[in-house]
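Every number in this text was worked out from the coordinates using simple rules, so none of it is lab data. This one's a predicted model, so the numbers in the text were calculated from it and none came from an experiment. Quick reminder, even Gly has a Cβ in these numbers, built from the backbone with ideal geometry, and neighbours come from all protein chains shown.
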Amino acid sequence: MSPKHCLSMHPMNNWYVIVYVKLQEFIHPGWQVREHLKAIRTREEGLDELKRRRKSVAASADSAERKLNKMSPEHKNLATQTETLQRLRDEIRQLDTDIMTEEARLGDFKRTTTRTLMGLKFGGLHELSSKAMIVGDFGKQIIAVRLRQLIAVTISANSGVQEIPEEGKSCCSRTKPFF
């Protein structure tokens with residue numbers, strides 16, 4: 001049996017698939033990461049909309065104040081214009097409060113979401129490395145058994161080797177997903 005033939009029938013080939021699949025799951029965590037980032041972006045867009053609204057209301061208030069300053073005390077729309085200006089100023093104060101509150105909430109939300117997101121990433125890395133360590137350890141055992149069998153020129157090469165992959169697969173299945 002040639003060494004090239006031994007590698008092509010090597011029981012580790014199935015394990016490479018296990019590690020490859022875990023690696024792909026780690027690299028492309030999928031919808032979980034997208035949902036967290038999308039939630040942050042949505043909150044930021046909401047805050048930006050509040051700031052745009054405040055800017056628009058402030059421009060309207062400035063315009064109303066200029067108009068009011070041009071009016072004489074006897075003008076028939078003076079009371080209406082004063083009321084409009086007061087309403088716009090109240091709306092600006094309310095928007096300022098809303099913006100400050102949302103900025104504080106957004107900061108907390110970003111920290112919480114980032115913590116969760118990083119937990120997913122590092123949990124995936126932990127799971128990947130656990131499975132890779134198992135595959136590596138059992139791979140060394142298979143190589144040691146294979147080399148002993150090749151040196152001894154034993155024809156029944158699969159007798160001791162088949163037990164190791166089964167034990168390794170059970171170890172891999174016992175590693176719990178971190179997320």
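Observations on the structure shown:
- Hull-based mean projected area of region 32-145, where the convex hull spans the alpha carbons, in square nanometres: 9.0 nm²
- Neighbour-limited loop hits for GluC sites (Glu not before Pro), region 39-134 (at most 14 other Cβ within 10 Å; DSSP other than H, G, I, E, B): Glu74
- Trypsin sites (Lys or Arg not before Pro) within region 62-137: DSSP coil, no more than 16 neighbouring Cβ in 10 Å: Lys76
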